[in-house]
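These notes are about the structure you will find just below.
Where a number appears in this text, it was derived from the coordinates with a stated rule and is not lab data. Just so we're clear, the structure is a prediction, and the values are computed from it rather than from any experiment. Cβ: placed from backbone, ideal geometry, glycine included. Neighbour counts: every protein chain shown.
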Amino acid sequence: MSQTPSPHIVQSYEDELAELVRLISEMGGMVELAIINSTMALVRVDHDLARKVAGDDKKVDDLQRLIDEKAVSMIARRQPMAADLRRIVASIHVATDLERIGDMAKNISRRTLRMSDKRMAAQLYSGVKHMSEMVLSQINKALDTVTSNDVEACVRVVRADDEVDALYMSLFREFLTYMMEDPRNITDCTHLLFCAKNLERAGDHATNIAEAAYYVETGGNLPSDLEAGIIEVS
Amino acid sequence: MLDVNTFPAPERLAGLSKVPCASAAPVPETGVKPKISARDVCVFYSGKQALFDVDLDVMPNEVLSLIGPSGCGKSSLLRCFNRMNDTIDVCAVTGTITLDGQDIYDRSIDVVELRARVGMVFQKPNPFPKSIFENVAYGPRIHGMTKDKQELEELVVASLKRAGLFDEVANRLEDSGTSLSGGQQQRLCIARAIATQPEILLMDEPASALDPIATSIIEELIDELRENYAIVIVTHSMQQAARVSQKTAFFHMGKLIEKGDTEQIFTNPVDSKTQDYITGRIG
């Protein structure tokens, strides 16, 4: 169903669906900021910023609860069908994934707070910073698919997750090398490895969001061989 | 989109040059023959066409919902299945409708016998102004289905039990059918319809005049009756269609727009007209 659907006869139903999409966008903006700030706090060893990110996660959690409540209320009152039903159910999934991304940012910030005040060598954290940028781009594109109804964009986001995974594996090997080179790097590299793992998980949640958008648009799930990056997609 | 090419065309269609549109393609179950087959069915009222080239199969032990806006032709089609349209002088039906492969519009068909095989329940409960017992006994009696009074009584009780009404009326079978509540009257009409042991039950908005409890009882009954009958139900309630039927057909302006598994129709319809209708959009 690629054409733009007609508006609902009941205007308040239309308004409620639009509000759901708006809340998802707002929540998306909050977790994007959380990922940016958590990475910035990590590389700058900025404990104040890290504390702010960890504290702000409650706002993300509250927004997730609000989206859940609105979605459940709409299911109960409107008895949505077809594309409306898919959008409302997908909103619940997307809000859960965004909340998890927020948790990943919070985890990075908490780890930052446990790290010493001493700044790390740039060569240690540059890989994590790059990974953060890549994951942020994934989250941004995944959120775009929620509003754009672009099936091909969903597929692109899912496929690009392979690059995030590959970067994580390469960082893992890199940190291992630093640790073997100089045991004094072990503490910092272990912290950074956990942060990289958190970012990798955030990337997985971005993929889930794109998959949810694909479901809203097509009513189907992405083929599993596509998720595994086996088949070519235009 | 259903692909007609993946289904073997029924033999009787082989000689026809007309290709049914893909959305109207029947979905035959493998190895199971449809109870009712409608092909190229058109209905006219005073020359004005109300139904256009409908191809539809009703499978045994299946509840088929017909949905669509008022005036879309769903009730007209339902009434074709037991030739109720014969009672309307200005109504003309073309095309073929078969029951177990036999053309029900053939001259050799006894319409009274056909209606015993294809029972009908209407929107408004319409018990006869007779006793509860007589309401149910009427059909079997005129069709000569029982050989003595005891057998007739057994059939009446069995029908009332299957319609889920017996326990409520067991001690007042001689009371008037019209003294019952709306939900009970509707179940009495269902008991009356199944007393003649039909093979197919047609229901035209059977629960639209009932409260939610009575509606649930009727829906539970439909689910139980499915074990023995094919059921075609016309309903304006999307939720009811979604709850009770296995297959759903959507009509719009006299045309069958889409038919498919109920789950597919209500979660991921193929046609945008179906989508607009079931989601309450301006089509």
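Those residues that are surrounded by fewer than 15 Cβ atoms within 10 Å (Cβ to Cβ) and within 19 Å of B:L173 (Cβ to Cβ), I need them from region B:143-152; list them, please. Residues satisfying the conditions are B:D148, B:K149, B:Q150, B:E151. Taking (1) more than 14 Å from every other protein chain (Cβ to nearest Cβ); (2) touching a residue at least 40 places away in the same chain (Cβ under 8 Å); (3) surrounded by 17 or more Cβ atoms within 10 Å (Cβ to Cβ) in turn, A:R51 satisfies each apart from (3). Look through region B:206-237, keep the residues that are more than 14 Å from every other protein chain (Cβ to nearest Cβ) and of a type in the set (G, A, S), and return whichever of them is surrounded by the most Cβ atoms within 10 Å (Cβ to Cβ). Out of the qualifying residues, it is B:A207.
A:V21 meets the stated requirement of being more than 14 Å from every other protein chain (Cβ to nearest Cβ), surrounded by fewer than 19 Cβ atoms within 10 Å (Cβ to Cβ) and β-branched (V, I, T).
A:M180 satisfies every condition listed in (1) over 19 Å from the mean Cα position of the chain (by Cα); (2) within 18 Å of A:L143 (Cβ to Cβ) except (2). Look at (1) more than 30 Å from B:I265 (Cβ to Cβ); (2) of a type in the set (V, I, T); (3) within 14 Å of another protein chain (Cβ to nearest Cβ) and you find that A:T218 fails only one, number (1).
The residue of region B:173-202 that is farthest from B:N135 (Cα to Cα), among those that are more than 16 Å from the chain's Cα centre (by Cα) and among the polar types (S, T, N, Q), is B:S181. Among the residues of region A:4-18, those identified as of a type in the set (D, E, K, R) and either without any contact (Cβ under 8 Å) to a residue 60 or more places away in the chain or exposed (fewer than 12 other Cβ atoms within 10 Å of the Cβ) (or both) are A:E14, A:D15. In region A:84-116, the qualifying residues are those that are out of contact with any Gly (no Cβ under 7 Å at 6 or more places or on another chain) and within 14 Å of chain B (Cβ to nearest Cβ), and the one that is surrounded by the fewest Cβ atoms within 10 Å (Cβ to Cβ) is A:V89.
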